[in-house]
1. Under the condition of being within 14 Å of M1 (Cα to Cα) and open to solvent by 50 Å² or more (accessible area, probe 1.4 Å), which residue from the stretch 49-67 is farthest from the chain's Cα centre (by Cα)?
2. Can you list residue pairs whose Cβ atoms sit under 7 Å apart, with the first residue in the stretch 52-74 being touching a residue at least 40 places away in the same chain (Cβ under 8 Å) and the second being exposed (fewer than 12 other Cβ atoms within 10 Å of the Cβ) and of a type in the set (S, T, N, Q)? Count only pairs 6 or more apart in sequence or on different chains.
3. Which residue pairs have Cβ atoms closer than 7 Å, lie 6 or more positions apart in sequence or on different chains, and pair a first residue in the stretch 17-38 that is over 14 Å from G79 (Cα atoms) with a second residue that is in a loop (DSSP other than H, G, I, E, B)?
4. Could you check, for the stretch 21-41, whether at least one of its residues is under 15 Å from F61 (Cα atoms) and open to solvent by 80 Å² or more (accessible area, probe 1.4 Å)?
Amino acid sequence: MLPKKDYNANRLRSGLLQLPKGMQIILDETVLEPGQLKPNGIENLKCLGNLITWQKLAYDFGFSYNIEFECDAKVLILGEVSPSFLTVFQQTLSSCRCLSGYILEACQLLHWCSNMFRY
């Protein structure tokens, strides 16, 4: 998901999260299935959490060297439970950091929408 430096081709390879300014992303948690995350999946969730929480995307230059760039993406998380899996995952990873109001607003909006369509 992250942009990554390819030293063999001497170029930066784009990642799925390298998006144009103002991009809107919809994450559908209803299609998730039970299972175990592999290390790559955990890294992808961390990147997604950082994008949502801090509006920053790390570019991987290898050798444990990442540079963060600011981004502008709006994210809507669709799920059947509140809080969302991603929110719980992000809280677990960064228990000493507060989640941004943006995620909380999105969760409140989703909770409100789910109540509206429940009846």
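1. N66
2. K74/Q24
3. Short answer, once both residue conditions are applied: L17/M1; L17/L2; Q18/P3; L19/C71; K21/D72; G22/D72.
4. There is no residue in the stretch 21-41 that is under 15 Å from F61 (Cα atoms) and open to solvent by 80 Å² or more (accessible area, probe 1.4 Å).
The values are calculated or read from the model by the stated rules, or taken from the named source; none is laboratory data. As the structure is a computational prediction, the values presented were derived from the model and not from experiment. Don't worry about glycine lacking a Cβ; one is built from the backbone with ideal geometry, like all the others, and counts go over all protein chains shown. The accessibility values were calculated without ligands, DNA or RNA, using every heavy atom of the protein model including side chains. Shrake-Rupley method; radii C 1.70, N 1.55, O 1.52, S 1.80 Å.
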